[in-house]
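Chemist: This is the structure I want to talk about, given as structure tokens.
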Amino acid sequence: MQAKYKNLLVLLVSVTLTLFFAELSLRVAGKLYLRRIYTPGVPAPGSTTIVCLGESSTAGMGVKMDEWWPLQLKTMLQDYYPKKRIEAVVPPHVGQNTSQQANRVDDYIRLYDPALIILMCGYNNKLAWGESHVIKFIKTDSLCMLKMKSLVWLDRFRLFKLLRYAYIRFFYRKVPYYDSKMKNLREVNYIWGGPELQVVSERENQEIDDIGRVYEEAFIKSWRYDIETIVSAAKEHGVQVLLMTYHINPDYLSSEEFISMADKMNIPLVRNDITFDALREKGTINDFLLYDHWHPNPKGYYLIAKSAFEVIRNDRLLDK
């Protein structure tokens, strides 16, 4: 009997050590990989850098790169500050929720040494749960919620992410247009699980939507927590922060949430929602949106860039 328990203990220790070293190896490999994709985007020394955090509406989904609002903003600022070398950086993680951005903000500050961080983020929080801090604000009151919390907790481990990718890549074939989505995924640097390319079934999509409605207050609290974390980290390093509403805010985040956050953290706010509400009232808003009636087209991105430029100029956020 003792030999049986001894063998079981040896097996348990061996499995634990194997998992530990597998996780450690993946983290080291991930660091090296991220360094490779980060490095080309690091501005030259002496640049005045703006880091723009958001989702597909910041990464210019559906338009050319020079039509993204961060790149249009860069052009406006370069014209206004001809003696500065202005750089606008969108980190190579598309589709992040605010928790993922909060978890990486120290890395962004260290890598890019920004003078200013612009935040237009939160839209994906109810869609992408990877690393989400929402579980801090939700009680485990059902089997479904226990499952969701467990998946979010496991998502912090690289080995789990690798096994999930392998499962979806080789065994998960229930989703329409699966092959085209996987082809798209291979062609971009993308955090797996982001909503623009997420590969989930209709039932799973409905489950995510239902949770979002039931626990809406928790998502609001999580957004507040994440934005405060990002702003506090920036201020600790002497980095200015500009908060922006969306042109069309997500259903769980009202304009008042953005206003309250800007007041609490003593940071300037851009009201993109006011600009686009005026277009809606005129009946011309679709002239500034893509076919999905949400993502801006180049003209819409220009309006976002222009509003950000005016606040940066008027509040002298880059003058020091």
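Every number here is computed from the coordinates shown, using simple stated rules; none is lab data. Keep in mind it's a predicted model, so treat the numbers as computed, not measured. Cβ atoms come from the backbone with ideal geometry, glycine included; neighbour counts cover every protein chain shown.
Chemist: For the residues Met65, Met244, what sequence is obtained by ranking on other C-beta atoms within 10 Å, fewest first? It would help to have the intermediate numbers written out before the result.
Modeler: On the way: Met65 10, Met244 25.
Taking fewest neighbouring Cβ atoms as first place, the list is Met65, Met244.
Chemist: Calculate how many DSSP beta bridges within the chain are antiparallel, expressed in % of all such bridges and rounded to the nearest 5. Present the calculation step by step, with values, prior to reporting the outcome.
Modeler: Values: 1 of 16 bridges.
Here the share of antiparallel DSSP bridges comes out near 5 percent.
Chemist: Which one of Asp107, Asp273, Asp155 has the biggest mean-square fluctuation once the chain is modelled by GNM with Cα springs under 10 Å?
Modeler: Asp107
Chemist: Given axes a ≥ b ≥ c from the Cα gyration tensor, I'd like to know whether region 1-87 is rounded (a/c under 1.5), prolate (a/b larger than b/c) or oblate. Please report the intermediate quantities before stating the final value.
Modeler: Numbers: a/c = 5.93, a/b = 3.43, b/c = 1.73.
Prolate, since a/c reaches 1.5 and a/b exceeds b/c.
Chemist: What number, rounded to the nearest 500 deg cm²/dmol, is the helix-based mean residue ellipticity at 222 nm of the chain, given -39500 (n - 2.57) per DSSP H run of at least four residues and division by all its residues?
Modeler: Numbers: 11 runs with 171 residues, N = 320.
Per the formula, -17500 deg cm²/dmol.
Chemist: While we're here: Classify region 45-107 from the C-alpha gyration tensor, please: rounded if a/c falls under 1.5, else prolate or oblate depending on whether a/b exceeds b/c. Let's see the in-between values first.
Modeler: Values: a/c = 3.15, a/b = 1.41, b/c = 2.24.
Note, shape of region 45-107 comes out oblate.
Chemist: Now for a separate question. Rounded, prolate or oblate for region 48-320? Axes are the square roots of the Cα gyration tensor eigenvalues, ordered a ≥ b ≥ c, and the cut-off for rounded is a/c under 1.5. Don't skip to the end; give the middle numbers.
Modeler: Details: a/c = 1.59, a/b = 1.47, b/c = 1.08.
The shape class here is prolate.
Chemist: From Cα pairs below 8 angstrom and at least 6 apart in sequence, can you work out the relative contact order of region 1-89, rounded to a whole percent?
Modeler: On the way: 46 pairs, mean separation 24.6, N = 89.
Reported relative contact order: 28 percent.
Chemist: Okay, moving on. Relative contact order for the chain: what is it in percent, counting Cα pairs under 8 Å that are at least 6 residues apart? Spell out each step's value before the answer.
Modeler: Details: 383 pairs, mean separation 68.9, N = 320.
The normalised contact order for the chain reaches 22 percent.
Chemist: May I ask you to list the lysines whose Cα is less than 25 Å away from that of Lys282, ignoring any residue fewer than eight positions away on the same chain?
Modeler: List returned: Lys299, Lys306.
Chemist: If you don't mind, there's one more thing I want to ask. What whole-number distance in Å separates the alpha-carbon centres of region 66-111 and region 206-246?
Modeler: The two parts, judged by their Cα centres, are 18 Å apart.
Chemist: Hey, if you put +1 on the Cβ of every Lys and Arg and -1 on every Asp and Glu Cβ in region 207-320, which of Ile267, Tyr291, Leu253 ends up farthest toward the positive end of that dipole?
Modeler: Selected residue: Ile267.
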